[in-house]
Structures are given as structure tokens and as C-alpha cells.
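> One structure coming up, written as C-alpha cells, with questions to follow.
Each reported figure results from applying straightforward, stated rules to the coordinates on display, with no laboratory input. Predicted model, so just to flag it, every value in this text is computed and none were measured.
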Amino acid sequence: MEIVNQPNKIKCDISGCKNMASFSLICTDSKKHNLNFCTNCIAEINKQFNKVLTPKSIKNIYQKGGLNGKAK
Ligand SMILES: [Zn+2]
């Protein structure tokens, strides 16, 4: 799974959003199944995930090697 920039004019996939997608989430080998998001929705999704995932203090994230670092 990977998030990449979306250079084409594709609408954001979030229901009710009329913005153009800036990013695509690649889930499979087929580009038809990409999910496309605008920057607003990415920010909102990120905010919502932060609510449900285990909260981490900035200090803990730093000690574990950054936002993408795996817990040691
Ligand atoms: Zn959107």
C-alpha cells in the first residue's frame, strides 16, 4: 500500500467531496482500484485515524525513529 501524487484530473473519492484528487492510495496492482483523495480529505482522514489509533506523544514518536518507524 502506497500513497502517490495524482497528476491527473480525477475527482476525490470521498462521498460529498467535489475537489480534485491530489493523491492516490495504491492498494492493488490494478490502477482501477486506487482510491483518490484531495488534500482536504487526506488531512481529515489523518485527523480521524489519529483519534482511533493509539495516541503517541511527540517524544515517543521521536524515540521510535519517526512517524514511520516501527516500535522497537
Ligand atoms: Zn476530498
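> In terms of modelled amide H atoms, which long-range or inter-chain residues lie less than 5 Å from the amide H of residue 21?
10, 11, 12
> Report, by chain and number, residues whose modeled amide H sits under 5 Å from the one on residue 36, excluding near sequence neighbours (fewer than 5 apart, same chain).
For residue 36, whose amide H was placed from the backbone, the distant partners under 5 Å are 13, 25.
> Per-residue HN-Hα couplings for the range 13-25, Karplus 6.51 cos²θ - 1.76 cosθ + 1.60 at θ = phi - 60°, whole Hz, x for Gly and Pro?
Once θ is set to phi - 60°, the couplings for the range 13-25 become 7, 6, 4, x, 8, 10, 6, 7, 6, 9, 9, 10, 9 Hz.
> Full extension from residue 44 to residue 15: what is 0.36 nm times the residue separation minus their Cα-Cα distance, to one decimal in nm?
9.1 nm
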